[in-house]
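Beneath this line is the structure, given in structure tokens, with notes to follow.
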Amino acid sequence: MPLNDDDFMRYSRHLLMSDIGESGQQKLSQARVLIVGMGGLGCPVSLYLAAAGVGQIHLIDDDKVALSNLPRQLLFNPTDIESNKAHVAADKLQQRNRDSKISAHSIRLTSDNYQLLFNTISPQAIFDCSDNFATRQLINRIAVEQHLPLFSAAISADQ
């Protein structure tokens with residue numbers, strides 16, 4: 001699908017980059033990604049993917065926004081407290097880029113539910129922004145099994 005005038009204005013800096021250009025921007029607009037975890041890592045990852053013009057972004061998180069999230073989870077504000085993170089993030093990201101299709105899945109990714117989810121959304125890449133080791137292992141196994149690129153990030157602190 002060709003870029004329109006608004007796309008040329010919005011993504012003008014991408015279009016100037018020889019590694020992206022018009023064909024790269026078109027590929028981004030057709031991409032389908034999955035982000036697992038909408039906390040301190042998932043928020044900025046999702047913001048940048050939406051801003052870059054990724055076509056479909058699926059967000060998974062079963063957690064609710066808490067007051068203690070606000071300093072580091074920059075998509076959320078006090079009015080979002082007690083709301084599901086994936087749904088709040090999807091609404092805000094959709095406002096930032098109406099051309100991207102943002103979907104919220106307020107579930108915990110498990111070995112029992114991922115196949116149905118993956119059959120439905122057919123992601124082309126997974127972004128692991130989860131905050132527990134068991135989920136990270138599951139996401140890695142899924143990526144290997146599904147032959148998908150996996151982008152994984154983690155934050156750790158000595159306790």
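Checking each residue in the range 1-42 for being aliphatic (A, V, I, L, M) and part of a loop (DSSP other than H, G, I, E, B) picks out Met1, Leu3, Met17, Ile20, Ala31, Met38, Leu41. Out of curiosity, is Leu49 touching a His at 6+ places or on another chain (Cβ under 6 Å), open to solvent by less than 50 Å² (accessible area, probe 1.4 Å) and closer than 20 Å to Leu148 by Cα? Here the answer is no, as Leu49 does not meet what is asked.
In the range 16-33, the residue that is nearest to Ala51 (Cα to Cα) out of those that are in contact (Cβ under 8 Å) with a residue 12 or more places away in the chain and aliphatic (A, V, I, L, M) is Leu28. Scanning the range 34-48 for residues that are farther than 16 Å from Ala143 by Cβ, touching a residue at least 60 places away in the same chain (Cβ under 8 Å) and hydrophobic (A, V, I, L, M, F, W, C) yields Met38, Leu41.
To keep it simple, each residue is scored yes or no on (1) in contact with a Pro (Cβ under 8 Å, 6 or more places away or on another chain); (2) acidic (Asp, Glu); (3) surrounded by 18 or more Cβ atoms within 10 Å (Cβ to Cβ).
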| residue | (1), (2), (3) |
| --- | --- |
| Ala89 | no, no, yes |
| Gln115 | no, no, no |
| Asp131 | no, yes, no |
| Leu138 | no, no, yes |
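Only one entry of Tyr11, Tyr48 meets the criterion of being aromatic (Phe, Trp, Tyr) and over 25 Å from Ser152 (Cα atoms), and that entry is Tyr11.
Checking each residue in the range 60-69 for being surrounded by 15 or more Cβ atoms within 10 Å (Cβ to Cβ) and aliphatic (A, V, I, L, M) picks out Ile60, Val65.
The values are calculated or read from the model by the stated rules, or taken from the named source; none is laboratory data. These numbers come from a predicted model, not from an experiment. FYI the Cβ positions are ideal-geometry reconstructions off the backbone, even for glycines, and counts take in every protein chain you see. We work out accessible area using only protein heavy atoms, side chains counted, and drop any ligands, DNA or RNA first. Shrake-Rupley method; radii C 1.70, N 1.55, O 1.52, S 1.80 Å.
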